[in-house]
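Enquirer: I'd like to ask you about the structure that follows.
The values are calculated or read from the model by the stated rules, or taken from the named source; none is laboratory data. What you are looking at is a predicted structure, and each value in this text was computed from that prediction instead of being measured. A quick note on method: Cβ atoms are made from the backbone with ideal geometry, for glycine too, and the neighbour counts reach across all protein chains shown. Note: accessible area is taken over every heavy atom of the protein model, side chains too, but ligands, DNA and RNA are not part of it. Shrake-Rupley method; radii C 1.70, N 1.55, O 1.52, S 1.80 Å.
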Amino acid sequence: MNRRAQVVQSIVITLVVAIASAVLRSAQDPLSAAKDLYASAAYEDALSTLSRIDADAAAPELSRQVDEYRAFCLYALGRTREAESAAETMIRRQPLARLDAADASPRLESMFSDVRKRLLPSLIREQFRAARTAIDQKSYGAAEPRLTHAREMILEAQKLGVKDDGLGDLSDLVDGFLGLIQSASEQRAAAQPVAIVASNTTAQAPPAPAAPTPSRPVATQTAPAASRPSAAARAADAEPAYTIDDEGVTPPLTIQQRMPAMPPQLQTIARAVHARGLLDIVIDDTGRVVDAKIRQSLNAVFDPLVLRSARDWKYRPAVKDGVAVRFVKTILLLP
């Protein structure tokens, strides 16, 4: 037997032993077996082994690796679309998960990066929508982790150079809502009753606590209008009004959005309690503000000034599919 034949025989024996070893291990550790099969270029066998793992019911780390190596095998077999679909499944489960550096080639890294760039805008909006719903229900504990995750994804999208006209506004709102939650938490902590420790002398009844200042029902506070249905109601009946949550919509561009000056005394009070407010405005397809509503009060005296100013604000209207559309813009109010 010549030298070349001996080398070929040695390689074949090595591969057979590796595959046999992986198959023997697969009954106890299918993921490790699949990795060994992938390393031996036995991609079809690796896919067959991975199919025996229920990734949907598995722990997050196991699920990630199953999706990852399924994509690796499909990509190696030239089944690029199926590989991208597997990568999409992994990224939807864990948007910021990183690849196994040992087996991820530059081409695989590039493929996963492209899929992540495509998915991040929708994933960010999903988290933001769920967080905003929780905030509207005063479920701040449920909203905070979603907002934090959305902020992490926004940073990743910026690092990857994702092109999305709404990410800037989303970033501002995510930070604003997180600040709103922190402010609410601080106010709740300040409102906790303080335990009164009796002295050794004659006990005296503690003074009655001052009644807390009730928060204003901000949902009913809107800009003055004639006695007819509000523009927001007409927009809902006539045509859809889009928001920053909607994909494929270019948000309005500000032409003039001048906030009224807050009196110094009010500003001092608002800053002392870390007050933050939220304003919703409806911008029509010509860029005019046709309705305004305070969602979260900044200050009971200052809120009406903001609503009056909002009537004069001007924008370049939002655009969807090349057509100007109505848009509900949420603005963070700070002292």
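Enquirer: Counting only residues that are among the hydroxyl-bearing types (Ser, Thr, Tyr) and open to solvent by 50 Å² or more (accessible area, probe 1.4 Å), how many does segment 84-123 have?
Expert: We begin by selecting, within segment 84-123, every residue among the hydroxyl-bearing types (Ser, Thr, Tyr); these are 85, 89, 105, 110, 113, 122.
Cutting the leftovers down to open to solvent by 50 Å² or more (accessible area, probe 1.4 Å) gives us 85, 89, 110.
Total satisfying the criteria: 3.
Enquirer: Name the residue, out of ASP303, ASP284, that is modelled with pLDDT under 95, acidic (Asp, Glu) and on the phi < 0 side of the Ramachandran plot. Please lay out each step first, then the result.
Expert: Values: ASP284 fails: modelled with pLDDT under 95.
Step by step, each of ASP303, ASP284 is checked, and only ASP303 is modelled with pLDDT under 95, acidic (Asp, Glu) and on the phi < 0 side of the Ramachandran plot.
Enquirer: Can you find a residue in segment 276-288 that is touching a residue at least 40 places away in the same chain (Cβ under 8 Å), in a loop (DSSP other than H, G, I, E, B) and out of contact with any Lys or Arg (no Cβ under 9 Å at 6 or more places or on another chain)? Even if it seems obvious, please write down each step before you answer.
Expert: Restricting attention to segment 276-288, the residues satisfying the condition of being touching a residue at least 40 places away in the same chain (Cβ under 8 Å) are 276-285.
Going one step further and asking which of them are in a loop (DSSP other than H, G, I, E, B), we end up with 276, 284-285.
Narrowing the set further to residues that are out of contact with any Lys or Arg (no Cβ under 9 Å at 6 or more places or on another chain) leaves 276.
Checked segment 276-288: at least one residue is touching a residue at least 40 places away in the same chain (Cβ under 8 Å), in a loop (DSSP other than H, G, I, E, B) and out of contact with any Lys or Arg (no Cβ under 9 Å at 6 or more places or on another chain).
Enquirer: Filtering segment 131-153 down to residues that are at pLDDT 90 or above and β-branched (Val, Ile, Thr), which residue is farthest from GLU186 (Cα to Cα)?
Expert: Per the stated criteria, the residue is THR133.
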